[in-house]
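Asker: I have a structure I would like to understand better, so I am pasting it below and will then ask my questions one at a time.
The values are calculated or read from the model by the stated rules, or taken from the named source; none is laboratory data. Here the structure is a predicted model, which is why all the values come from computation and not from measurement. Here the Cβ positions follow ideal geometry from the backbone for every residue, glycine too, while neighbour counts run over all protein chains shown. Just the protein is used for accessible areas: all its heavy atoms, side chains included, with ligands, DNA and RNA removed. Shrake-Rupley method; radii C 1.70, N 1.55, O 1.52, S 1.80 Å.
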Amino acid sequence: MTPTLLLPVVIVATSVLGALAALMLAHVVLRRQPVTGIGELADGSASARFVFDNRTLVDANDRAHALLKTIRDGAGSQDTGAADHLSLLLRFLEPHFPDLTTQLATLADRGRLSLTAADGSDYALEAEWKGGLAHLALAQTESPGRLVSIDQFSFAALEDELKTLRHCAGNAPVLIWREDAQGNVIWANGAYLDAAARSGDGLADLRWPLPILFDTSAAEPGALLALTLAHTPHVFEHHASACDSGVVHYAIPADAAAQAEITRRELLQTLTRAFSTLPIGLAVFDRSRRLQIFNPALTDLTGLPSSFLARRPSLEQVLHALREARVLPEPRDFKTWRASLLEIEQHAEGEGYQAEWHQPGGQTLHVAGHPHPDGGLAFFLEDVTSETSLARSFRTQIEAAQTALDALPEAQAVFGPDGTLVLANTACHTLWGTAPESVTSPRCLEQAVDAWASRAASDPIWSRIAALGRSGGQGNAVNGIVTLRDGTQLDVSAHEARGRMVVIRLRAAALPAPPPSTLERARTQAAAGALKVTDPVVAPRTTAQGLDSGLGSGLDLGLEPGLGSGLGSGLGSGLGSGLEPGIAPQSSGMDARPASPARAARVRHVSSRSGVGR
């Protein structure tokens with residue numbers, strides 16, 4: 001090339017290179033130069049501008065409306081009015097601008113704010129207070145240098161939401177997969193892929209489309225589906241949700257719930273087998289008052305058919321059936337009977353229901369109702385006919401024993417092994433002035449002994465009787481005579497009876513029988529002419545005094561045949577009473593021993609009976 005042509009070419013090339021270098025330098029400078037003015041932000045193509053009156057959005061450009069819509073759709077909230085727009089915007093901005101709400105609260109005082117994102121997202125926020133309104137402008141400080149079909153703020157919000165959704169779906173412990181209209185699996189989460197690998201030979205065998213693990217064609221919502229993973233059976237609860245281009249399925253692991261259900265069924269079967277052998281009728285109602293459990297004894301005792309009970313009737317239906325079978329006692333009118341049904345349920349729900357149902361055939365059923373913590377009711381029916389008959393027999397025997405005791409003239413009291421008063425006859429209550437039904441009457445041996453001792457003179461016999469009861473009847477029998485405060489003498493005896501019972505008997509004390517009358521024997525022998533004195537006798541001052549003294553001391557006279565006339569004359573002159581003559585006073589043939597008051601009383605008693613001294 002000639003020098004004349006080369007020079008223009010060099011000049012043109014140099015100019016072009018210089019222009020390109022200038023453009024490149026300007027581009028670098030412009031990229032690194034921050035935006036500082038609200039107007040500049042508003043004029044930028046990537047800025048979003050908002051105008052708020054307090055919390056109400058009054059104006060916004062297209063970029064701002066697009067960003068709010070993206071934020072609202074991503075959050076799943078609905079447009080409830082302009083007052084919520086500031087909350088939506090702050091929800092998006094606060095992760096990038098910490099403490100933004102507090103700084104915006106001071107905007108009216110400060111007038112202007114310039115904030116840069118703290119998380120490195122290249123966001124810049126300019127806020128300015130004008131005419132009582134808050135103007136916000138959001139932009140990026142640097143151009144990303146890439147083409148997008150939506151604005152960058154909406155794209156960033158979508159990216160954040162997508163990351164969150166991917167993380168939730170990928171790490172969910174639930175199998176999630178999506179099927180197209182033809183039933184092919186076109187998407188699945190990590191749990192589904194792991195289950196597919198464990199159900200086959202490994203991840204290397206997985207091919208698109210992914211294998212179908214469950215047959216969901218006829219599955220109802222909440223149905224349990226079985227799947228074998230690594231030779232171990234598992235159970236999953238299935239749910240599905242329709243979408244635009246197919247169906248999204250969810251399989252929730254339900255091994256624990258399935259095992260609990262199996263355990264419950266096994267326990268129910270065990271209880272059913274156990275209840276089937278019980279002679280007590282059982283009926284269990286749930287919180288909705290439907291029959292859930294019953295045993296064969298219930299049908300035997302009530303006569304209700306098993307087919308009726310198997311239909312799980314309500315409590316009211318069961319009670320109606322019992323009324324029709326004449327098992328439930330029926331009052332005179334239906335209104336009262338309806339009220340009694342409500343009373344049965346209320347009592348069973350509260351403290352429990354206890355009653356005895358007497359059947360027309362003489363059978364007696366004891367019915368008990370007990371509430372359950374979950375709101376259910378359990379009723380138990382037991383045939384107590386034999387127990388009732390036995391109780392009646394015992395009651396009859398006790399009443400017969402009481403009647404026999406009441407017929408006795410002497411007071412009788414029987415105390416049990418624990419000292420409790422078992423029986424006391426009418427004579428006993430009359431003696432001590434107590435009533436059988438009175439709450440103040442003695443109810444045990446200690447109380448009875450204390451009450452009796454308080455009405456009698458001090459005597460150790462009461463403590464001995466109390467000790468007999470404390471020893472369980474192992475001591476010796478107690479006998480003695482006590483004197484009451486009114487002078488009445490009682491003959492008291494206490495002893496152990498069969499069954500460690502303590503029997504106490506109280507009766508009026510009788511005077512001892514006097515010895516045979518000496519005078520009568522003497523007069524009989526004198527009449528026969530065979531009087532004889534066997535003991536030496538020392539006569540007192542008078543014959544009457546000597547006879548009285550001798551009889552008082554228990555003198556026993558024997559008459560010899562040679563002393564009949566002297567003794568007869570002595571008795572006649574000494575006593576001065578109409579005794580038979582012929583008994584002469586003798587002073588040397590009688591011996592007088594000291595007389596006790598008791599013996600003197602007996603002598604006087606004998607004298608009065610013989611007519612002496614009248």
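Asker: Applying the selection to region 420-439, what residues are in contact (Cβ under 8 Å) with a residue 60 or more places away in the chain and within 16 Å of Trp452 (Cα to Cα)?
Answerer: Result: Cys428, Leu431.
Asker: Among the residues of region 395-414, how many are at pLDDT below 85 and in contact with a Phe, Trp or Tyr (Cβ under 9 Å, 6 or more places away or on another chain)?
Answerer: Looking only at that region, the number is 0.
Asker: Further question on the same structure: Determine whether Leu268 is at pLDDT 90 or above and either over 25 Å from Val174 (Cα atoms) or within 24 Å of the chain's Cα centre (by Cα) (or both).
Answerer: The answer is no for Leu268.
Asker: Go through Thr228, Thr270 for me and flag whichever is among the polar types (S, T, N, Q), under 30 Å from Leu282 (Cα atoms) and free of Cβ contacts under 8 Å to residues at least 40 places away in the same chain.
Answerer: Thr270
Asker: Could you grab me the full set of residues in region 373-420 that are open to solvent by less than 80 Å² (accessible area, probe 1.4 Å) and in a loop (DSSP other than H, G, I, E, B)?
Answerer: Listed by number, the residues that qualify are Gly375, Gly376, Val384, Leu408, Glu410, Gly416, Pro417, Gly419.
Asker: Collect the residues in region 433-459 that are open to solvent by less than 20 Å² (accessible area, probe 1.4 Å) and part of a helix (DSSP H, G or I), keeping them in residue-number order.
Answerer: Hits for region 433-459 are Leu445, Ala448, Val449, Trp452.
Asker: Got a sec? Which of Ala118, Ala172, Ala157, Ala137 is surrounded by fewer than 17 Cβ atoms within 10 Å (Cβ to Cβ), over 26 Å from Pro253 (Cα atoms) and of a type in the set (Gly, Ala, Ser)?
Answerer: Exactly one of Ala118, Ala172, Ala157, Ala137 is surrounded by fewer than 17 Cβ atoms within 10 Å (Cβ to Cβ), over 26 Å from Pro253 (Cα atoms) and of a type in the set (Gly, Ala, Ser), namely Ala118.
Asker: In region 271-288, how many are more than 25 Å from Asp383 (Cβ to Cβ) and either more than 21 Å from the chain's Cα centre (by Cα) or open to solvent by less than 80 Å² (accessible area, probe 1.4 Å) (or both)?
Answerer: Result for region 271-288: 2.
Asker: Shifting gears a bit: Which members of region 298-348 meet the condition of being at pLDDT 80 or above, part of a helix (DSSP H, G or I) and β-branched (Val, Ile, Thr)?
Answerer: Scanning region 298-348 gives Thr299, Thr302, Val318.
Asker: What are the residue pairs meeting all of these: first residue in region 173-198, first residue assigned to a strand (DSSP E or B), second residue of a type in the set (Phe, Trp, Tyr) and open to solvent by 80 Å² or more (accessible area, probe 1.4 Å), Cβ atoms under 6 Å, and 6 or more apart or on different chains?
Answerer: Ile176/Tyr250; Arg178/Trp187
Asker: Please go through (1) in contact with a Leu (Cβ under 6 Å, 6 or more places away or on another chain); (2) open to solvent by 50 Å² or more (accessible area, probe 1.4 Å); (3) modelled with pLDDT of 85 or more for Asn425 and return the number of the only condition it doesn't satisfy.
Answerer: (2)
Asker: Tell me yes or no: at least one residue of region 510-529 is part of a strand (DSSP E or B), at pLDDT 60 or above and open to solvent by less than 30 Å² (accessible area, probe 1.4 Å).
Answerer: no
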